[in-house]
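The values are calculated or read from the model by the stated rules, or taken from the named source; none is laboratory data. Being a predicted model, the structure only gives us computed values, none of them experimental. Backbone-built Cβ (ideal geometry, glycine too); neighbour counts: all protein chains shown. Protein only, heavy atoms only, side chains kept; ligands, DNA and RNA dropped before computing areas. Shrake-Rupley method; radii C 1.70, N 1.55, O 1.52, S 1.80 Å.
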Amino acid sequence: MRRSATSIITTVLLSLSISCFAQVKEIDSTSLVNIITAKIDTFINDHDIPGAVISVVKDGELFYTQGIGYEHIEDKKKVDPIRSQFRVASITKTFTAIAIMQLVEQGKLNLHADIRTYLPANEYIWDAPYSFAIHDLLTHTSGLEHSEFRVSQAALDDGSLDGFVRTSISNQIHKPGELFGYSNKGYGILGLLIEKMSGMKYEDYIQEHILTPMGMHHSTVYQHTEENPIAQPVQPYYWDGDNYQPGQRLHLTNPAASNLNTTGYDMGRFMMAMIDSAQVDATSIISKSSFELLSKRHFTPPMEFEAMAYGMMVEDYRGYKGYNHGGGIDGFGSYYIFFPELELGLFMSESGGEENAAFGFRVIYGILDEIIEDLRKKTITNIPLEEAIEQAEKFEGTYQEATVTMSTFERGQMLFGINEPKIIHVGNGQLSHNGNIYEPIDGDTYQLIDGIKKIGFTTDANGEAKYFSERIYWTSEKIAWWQSALALQIGLGSSLVLLFVGLMIRPYILRRKEGRQLQWRSFLSLSAACMVFGFALLLTAFAFDISLRTGTPFVYKLGLWIITAGALLIALYPIELIKKWSNINKREYFWIALNAGAVILLMVCYWRINLIGFHYY
């Protein structure tokens, strides 16, 4: 499927007049088109994309939009930039935030009122020790955990936003405003507020008050189903190692977080409307003052170049303020960014699966790198060497994702060291992260030694390192050595090996070589059988790909309960032996101590991944 962008794309070129960007490199329209197609060609040579679309807004007008590849590979139907509908997932959140601002303008919502003002705690599930407001939900700082396995089957059966919010589980694990923690559930709550305050279904409200006024006539937030299909859906695909295979569009009960289906042309209309709202009082969507509040830096992590506005990120790109959001679901990957100051915007979406999710992102920034002058200057460090070394030693260590959830299966990811960055002091007050060297530029911020990229840290009340931030999406919390993935792997592996030797190998050797039986062998055999059977159940469930999306199915819970029962029986074994200590063969003392230590180590590992506590959502 290798192909040239210029030969396979349907192109709608809306302007070919010679012009230049204000405060950007002087590039005529034809040269800009050449830059765009060259970038697309470069990435298509590296990534076999089934279908994609790109749009460019220039001088506040839709300048260029084109389709790439196919809507459906099977019938060779090409992507139409005006009508082919891509599912842009979390970009939907920007539209949800705009709807909230409209209701704020109408006096129906207060951004800083406790959420329970609108959704009473006795009607909804709020496992939240701290009150939070609409402002916190819009900025993903409500403290609600980020979870992939939190849509209850009851919510799917109900099919409404109200049912989703009532039945979906989410814990508050941080104080509001303390950390960024991406929350689809939070935007589901915002969608429900839109329904309650407007008296309309979320989908109807977005269509009537945002999509239609913006001229996005080929966009919708309704589910695409066989009974109610959307007009011209693009087929998502996944790569099986040899070819692209058709994927499935995931059915969601939370349209406010990720249900927008849209086209390249319509997203161009969206960026035009947003640029217009930033410059004039465009009350057909939101007022200029509301846009200023929508686009304000409401939460800024230590590295400062990226911050959270309402429903979108604020980015310092080469010295210019850009607003962006991305989205990925069902094999689709999408991204937009617009610069009101430059009257410039770019959008791209593709349908080639998770392995190509960053395709549009790279094309967009490849184009921007060609056309925008870099105004940023490298910050000069003036921190004394002794102070820099002391500071670097404080930040050195292992960090772990700070918004990790309380579910057993999600915490189990800790076993594999997922999202566990390591910061190393390499001398002279400099830090190493992912092979890059950073130097200090102030108390908590470091800058790439041969560039301008920054990383940042947050300290606690005692001045000790607490959080590490590389991008706003990823905030990690400093952990002790015994909390690391390596320590967990060693602990869990060692305890299981010791128990296997003590409870299975040694009894076999005793029986075959010495002709004697281990005391209380039936007791130990039962515990070993429980653990083997429990693991077998889990492996069987994984083999049959039983979904975890709607919570933990019974077969997983049963397997975990049986494993836990086996571990508890092992824990009781040393207690039983101590009761009859005088009757124990002296040769058993060493093995008793070894087994007891293995059990204690296993229980610590259990606690780390929440097997103790039964957080099996």
Q. What number goes with the only condition from (1) surrounded by 12 or more Cβ atoms within 10 Å (Cβ to Cβ); (2) at pLDDT below 65; (3) of a type in the set (S, T, N, Q) that Asn595 does not pass?
A. (2)
Q: Can you tell me which residue within the stretch 427-458, out of those that are under 30 Å from Cys605 (Cβ atoms) and of a type in the set (Ser, Thr, Tyr), is modelled with the lowest pLDDT?
A: Thr458
**Q.** Filtered residue count, the stretch 61-84, keeping only those that are in contact with a Ser or Thr (Cβ under 8 Å, 6 or more places away or on another chain) and open to solvent by 10 Å² or more (accessible area, probe 1.4 Å)
**A.** 6
Q: Of the conditions (1) open to solvent by 10 Å² or more (accessible area, probe 1.4 Å); (2) more than 28 Å from the chain's Cα centre (by Cα), Ala128 clears all except one; give me its number.
A: (2)
Q. Among (1) charged (D, E, K, R); (2) in a helix (DSSP H, G or I); (3) surrounded by 17 or more Cβ atoms within 10 Å (Cβ to Cβ), where does Glu208 come up short?
A. (3)
Q. Restricting attention to the stretch 321-333, and to residues there that are open to solvent by less than 10 Å² (accessible area, probe 1.4 Å) and touching a residue at least 24 places away in the same chain (Cβ under 8 Å), which single residue is nearest to Thr139 (Cα to Cα)?
A. His325
Q. Can you tell which of Tyr244, Tyr222, Tyr265 is open to solvent by 20 Å² or more (accessible area, probe 1.4 Å) and over 30 Å from His47 (Cα atoms)?
A. Tyr222
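Please determine, by comparing only the residues of the stretch 418-465 that are of a type in the set (D, E, K, R) and under 13 Å from Gln391 (Cβ atoms), which one is most open to solvent (accessible area, probe 1.4 Å).
Glu464
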Q. Within the stretch 44-60, how many residues turn out to be open to solvent by 30 Å² or more (accessible area, probe 1.4 Å) and closer than 17 Å to Leu368 by Cα?
A. 1
